[in-house]
Each structure stands twice: as structure tokens, then as C-alpha cells.
1. Between the alpha-carbon centers of region 56-134 and region 152-205, tell me the distance in whole angstrom.
2. Among VAL162, VAL154, VAL85, which one shows the biggest mean-square fluctuation in a GNM of the chain, springs joining Cα atoms closer than 10 Å?
3. For the chain, set up a Gaussian network in which alpha carbons nearer than 10 Å are linked by springs, and say which option among ASN110, ASN158, ASN189 fluctuates the most.
4. Calculate for the chain the 222 nm mean residue ellipticity that helices alone would give, adding -39,500 (n - 2.57) per DSSP H run of length 4 or more and normalising by residue count, nearest 500 deg cm²/dmol.
5. Suppose we take every Cα in region 77-194 and form the convex hull; what volume per residue is that in Å³?
6. Among ALA63, ALA191, ALA98, which one moves the most in a GNM of the chain with springs linking Cα atoms closer than 10 Å?
7. Looking at region 1-60, which trypsin sites (Lys or Arg not before Pro) are DSSP coil and have at most 14 other C-beta atoms within 10 Å of their C-beta?
8. Do the alpha carbons of any pairs in LYS67/LYS121; LYS78/LYS116; LYS103/LYS160 sit beyond 24 Å of each other, and which pairs?
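The values are calculated or read from the model by the stated rules, or taken from the named source; none is laboratory data. Please read these numbers as outputs of a predicted model, since none were measured by experiment. Backbone-built Cβ (ideal geometry, glycine too); neighbour counts: all protein chains shown. Just the protein is used for accessible areas: all its heavy atoms, side chains included, with ligands, DNA and RNA removed. Shrake-Rupley method; radii C 1.70, N 1.55, O 1.52, S 1.80 Å.
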Amino acid sequence: MAKTFIYKTVNQAHINELFKLEPLLQRYLNINTPITFRLMPDHYKCLIHSIISQQLNSAAVDAIWNKLVFSFKKLKPKIMQKATVEQLTGIGLTETKAKLIVKLTKDICNNILSLKKLEKKSNSEIIEILTKYEGIGEWTVNMLLIFTYYRNDVLPTNDKGVRDGLDILYEGRAMSRDNFVNLHKFLGNHATMFTICLWYIKNNHG
């Protein structure tokens, strides 16, 4: 049975490249301490997990996720299409999230939406398609881009962990929307690793 989560360690070569781009990272990243993160290879599971994670802390997300797994065993569209809004709200989801999951699952089962085919599209195209669903914003799609599509150029500027990490890294200096855009462009294909490092900084130095 495929694992829901796969744990990876950031390659030291990536860290060294980030040090060249942003030397301030060396204050918070110890080269002797590996930075681990988890991926979700299954497109559907990752999208559902990201929806659950909206505006919730990790403990709440884990609690709801575990109830979902307990209730439906295998989180696959063909199984989840039997889920009702009432069942999903009963395990802790808001009505908005429950309706969204029901709608997404129905569209996947009816071949209206293919998360596998989306993988071939650009980041902006994927964002445009998925944010048409009420309840999915850019943050949710960015989590899918990072954890399932493995895109290396993602900097989710509306992520609280990223903002907290930047606040620590830059000692409280405010960043405008333009600053974020410029930083994203500057980082290029190192943006996702920079994001993971910011999460590490927030969790370990916040």
C-alpha cells in the first residue's frame, strides 16, 4: 500500500546554493542539522489535506485527517464519492470545506477534473483552473504544487509560516507585495527550498 507521506531531507547542495542567494540564512540553518519535510505523492490526498489545512493549526489538521482516514479507510475518489456533507462536517470539517470536497470528488469521478493531467500544466494554469472552485485559493494550490507536483519555484507569499519565517530572517522588516514578487523572481528555481527553510526557521527559531 502506498504511503500517504514520504519524508525527504533537503540536500546540502541546495542549502549551499541558498546561502549564496541569501547569506542571512546561515544565522538559522545549521549545516549539521538536516532539514526534513514531507511530500504527498497522491494528488487527491494532497488536495484534500490542503483543503483541511486551510486556516487551521497542525494539531487540528491531524485530528480531522485521522478521523477522515478512520471513517473511509482508503482516501480515493471512488470511495470518497459516497461521502456526504453531513458525514464530513461530523468529523470536524466546516460546511464550506465539506461541500468543496464533495464537489471535487464528484468532478474527478465524472472525469470533469483530472489532477494527473493538471501536472503537465504550468503553475499559473493549475492555479487558474483549481481556484475556480469555491473554497480553493492560491495557498491551497501552492501546497499541491509543492507537495505533490514537486515544483521547485513556489513561494507561497500568503502562507503564515513563510511570513513568520521571513519576519525572523529579516528581523521584522516589513515586506510589501512588490518585495515578495521581486524575491520570488530572484529565487527562481530555488523558491520552494527557500520556502521549506523558512518553515524550518519559523518552527525552530520562532
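1. When both Cα centres are located, 27 Å separates them.
2. VAL85
3. So, out of ASN110, ASN158, ASN189, the one fluctuating most is ASN110.
4. Result for the chain: -17000 deg cm²/dmol, rounded to the nearest 500.
5. Convex hull volume per residue, Cα atoms: 126 Å³.
6. Taking springs between Cα atoms under 10 Å, the residue moving most is ALA63.
7. Within region 1-60, the qualifying trypsin sites (Lys or Arg not before Pro) (loop, at most 14 other Cβ atoms within 10 Å) are LYS3.
8. LYS67/LYS121; LYS103/LYS160
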